[in-house]
Amino acid sequence: MHRDELERLLREDLASSQDEASPGTGKDGDVSGASDQRPLRKRLADALNRLRPPPPEVPGALDEAILAMGRVRLRRRRLVPILAVAAGVLLAVTATFFLREDSVVAQPRPLDIVDAYRLALRLDRNETPESRWDVNDDGRVDEADVAILARRAVALPGAGDKK
Amino acid sequence: MKDPDGRPDQELIEACRRGDDDAFAVLYHRYRDWVVAVAFRFCGNREDALDVLQEAFSYLLRKLPTLQLKGKLTTLLYPAAKHLALDRGKKTRRITPIPDELDPVGLTGIPADARELLEGLAPLQQEVLGLRYIDGLDLKDIALALRIPLGTVKSRLHHALNALREKLS
């Protein structure tokens, strides 16, 4: 494409497309969509496009480096949801264990082996558990209550406490 | 910019966000040559253009988590490649003095006769013409790439074409 030809195309194109590029024309700004269907405008675009210098060739090693960078970063992204779920599960388990006593107060629930274990730990540390842990109603909280809790926790359904 | 994978850019972006590195490869091959060409137009240096290519796709990867495309990916890659190339040009100029001024509208790589034709235009008009006719972007994508209203794009293109007409008459 030489300048003469480009000039001729531009002249013809400008003469035919003056209104098209006017501000405010075109539906939703899609002036280009209509113009591309016009052979002359298309030829002009092709002519100008051919003026582009050939871009520098991209070495294969650079392709590989950029694609490898993408792989590394996107794989890291793939791990994020997995790690988030794992962290959530860990948090839930931890919360279940450490906040259990609060949830007993907030909402009564069947006591289980973790309650027995926690009670045993507190007695072992010479703490004084609340009177609600006195499950055998003997007026004190001690190993006997732990044993009852543990026995109930592992009892088969319907077996009940055997005396 | 034809490629065997016909998925639109936004779909490929979503796939990338899910960790699909094949989708990233499709985007890379779809826009690689275009990004290099834009970078080369703005910095006029082969090595810098290749560095800009790497930085532009690194920028894309960083933007992925929040990226919401309103047009083609060119609307993100064009300003990125342009500014990275101009920054590179400035750095290069600090290290090795270059006689020519930096080319803020990317005419460096265009043959002399066409450059002469375009150089009489205001820089902003040159840029819009380049994006429209050299890069083949539609007006909406030009507006997004330059972050200006669509009406401004039409206005600049209109004035650029009129200026060219006067230049040629």
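Selection of region B:118-169 for residues being within 17 Å of B:Arg41 (Cβ to Cβ) and among the basic types (Lys, Arg) yields only B:Arg132. A single member of B:Leu69, B:Leu12, B:Leu53 is under 18 Å from A:Ile66 (Cβ atoms), more than 10 Å from chain A (Cβ to nearest Cβ) and either surrounded by 15 or more Cβ atoms within 10 Å (Cβ to Cβ) or touching a His at 6+ places or on another chain (Cβ under 7 Å) (or both), and it is B:Leu12.
The lone criterion from (1) modelled with pLDDT of 90 or more; (2) closer than 13 Å to B:Ala81 by Cα; (3) at the interface with chain A (Cβ under 9 Å from one of its Cβ atoms) left unmet by B:Ala37 is number (1).
Whenever a residue of region B:140-153 is among the acidic types (Asp, Glu), its partners that are surrounded by 22 or more Cβ atoms within 10 Å (Cβ to Cβ), lying with C-beta atoms within less than 7 angstrom and at least six residues away or across chains, give the pairs B:Asp141/B:Thr74. Within region A:95-130, the residues that satisfy the criterion of being at pLDDT 85 or above and among the small types (Gly, Ala, Ser) are A:Ala116, A:Ala120.
Highlighted here are the helices (runs of 4 or more DSSP H) found entirely within region B:1-93 that include at least 1 residues which are over 22 Å from A:Arg76 (Cα atoms): B:21-43, B:46-63. Among the listed residues B:Ile110, B:Ile134, which satisfies the condition of being within 25 Å of B:Leu76 (Cβ to Cβ), facing chain A (nearest Cβ under 9 Å) and at pLDDT 70 or above? None of the other options fit; the residue is B:Ile134. List the number of the failed condition for B:Lys63; all other conditions in (1) under 24 Å from B:Lys140 (Cβ atoms); (2) within 14 Å of another protein chain (Cβ to nearest Cβ); (3) modelled with pLDDT under 90 hold. (3) is the only condition that B:Lys63 fails.
The values are calculated or read from the model by the stated rules, or taken from the named source; none is laboratory data. Here the structure is a predicted model, which is why all the values come from computation and not from measurement. For neighbour counting, all protein chains shown are included, and Cβ atoms are generated from backbone atoms with ideal geometry for every residue, glycine included.
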